[in-house]
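Structure record follows, encoded as structure tokens.
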Amino acid sequence: ANLSNEGNFLLRKLSDHLSSPNRDVVVDSSRTRKIKSKTAWIEGDQAGANYAGARDMGLSPGSGGFGLEDVLSGKASPEVVLIADGAFSQIADDAETVAALARAKLLVVCARTANALTRAAHIVLPAASLAESEGTFTNVDGRVQKFERAFLPKPPVRAIWELLLQVA
């Protein structure tokens, strides 16, 4: 859920182009998230960074599709797995999780830092941090807000939305 709306939109379009209903957005559950909206405190997934934007862009399993939990439990065995944020959760360093994801014939990970998931990936795409990107996100009140790039990433690092355009 750490992607811009633009990155989330491109993930959805890539999934649609491949006729794959298998897509998901995950918020790291290793810590409690709590954020203030106009009227109340919001806890859980809704408080995750741009979770609302990811859902608005269609990142949830489509009809007959599977999500991350289905892949980790063995219910789904996709041939290709694309992880758009290699540090999406502390489970990216969990041996069982990585082994489940690595069962795919092709595991592609966009990442800023190395972890067990990037070491198991067939392809690692060097991703920029949010400070090296620009785009929009949807806040907890449903308002779309723009964010600017603070500094340029060093080549070959690219914003995730740029990497997705190259993959497509």
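Against the list (1) touching a helix residue (DSSP H, G or I) at 6+ places or on another chain (Cβ under 7 Å); (2) open to solvent by 20 Å² or more (accessible area, probe 1.4 Å); (3) closer than 19 Å to LYS13 by Cβ, the condition VAL80 fails is (1). Taken over segment 83-100, the criterion of being open to solvent by 60 Å² or more (accessible area, probe 1.4 Å) and of a type in the set (Asp, Glu) is satisfied by ASP93, ASP94, GLU96.
Test GLU43 against the stated conditions and say whether it is surrounded by fewer than 17 Cβ atoms within 10 Å (Cβ to Cβ), modelled with pLDDT under 90 and not aliphatic (A, V, I, L, M). It is true that GLU43 is surrounded by fewer than 17 Cβ atoms within 10 Å (Cβ to Cβ), modelled with pLDDT under 90 and not aliphatic (A, V, I, L, M).
With respect to (1) at pLDDT 90 or above; (2) within 19 Å of THR136 (Cα to Cα); (3) in a loop (DSSP other than H, G, I, E, B); (4) not charged (D, E, K, R), the lone exception for VAL25 is condition (1). When the residues of segment 110-122 are filtered to those that are among the hydrophobic types (A, V, I, L, M, F, W, C) and closer than 19 Å to LYS154 by Cβ, which remaining residue is surrounded by the most Cβ atoms within 10 Å (Cβ to Cβ)? The qualifying residue surrounded by the most Cβ atoms within 10 Å (Cβ to Cβ) is CYS110. Consider segment 106-120 and keep the residues that are touching a residue at least 24 places away in the same chain (Cβ under 8 Å) and small (Gly, Ala, Ser). The one that is nearest to SER4 (Cα to Cα) is ALA111. Identify the residue in segment 140-153 that is out of contact with any helix residue (DSSP H, G or I) (no Cβ under 7 Å at 6 or more places or on another chain), of a type in the set (D, E, K, R) and modelled with pLDDT of 90 or more and, among all such residues, is most open to solvent (accessible area, probe 1.4 Å). The qualifying residue most open to solvent (accessible area, probe 1.4 Å) is LYS146. PRO156 passes every criterion in (1) open to solvent by 80 Å² or more (accessible area, probe 1.4 Å); (2) in a helix (DSSP H, G or I); (3) touching a residue at least 24 places away in the same chain (Cβ under 8 Å) apart from (2). Got at least one residue in segment 127-136 being closer than 30 Å to LYS38 by Cβ, in contact with a Cys (Cβ under 8 Å, 6 or more places away or on another chain) and of a type in the set (A, V, I, L, M)? Looking through segment 127-136, none of the residues is closer than 30 Å to LYS38 by Cβ, in contact with a Cys (Cβ under 8 Å, 6 or more places away or on another chain) and of a type in the set (A, V, I, L, M). Among residues of segment 51-67 being modelled with pLDDT of 90 or more and among the hydrophobic types (A, V, I, L, M, F, W, C), the one that is surrounded by the fewest Cβ atoms within 10 Å (Cβ to Cβ) is PHE66. Evaluated against (1) touching a Ser or Thr at 6+ places or on another chain (Cβ under 9 Å); (2) exposed (fewer than 14 other Cβ atoms within 10 Å of the Cβ); (3) of a type in the set (Phe, Trp, Tyr), PHE137 falls short on exactly one condition, (2).
The values are calculated or read from the model by the stated rules, or taken from the named source; none is laboratory data. Because the structure is a prediction, the values reported are computed rather than measured. Here Cβ is always computed from backbone atoms with ideal geometry, including for glycine, and neighbour counts include all displayed protein chains. Just so you know, the surface numbers come from the protein's heavy atoms only, side chains and all, with ligands and any DNA or RNA stripped out. Shrake-Rupley method; radii C 1.70, N 1.55, O 1.52, S 1.80 Å.
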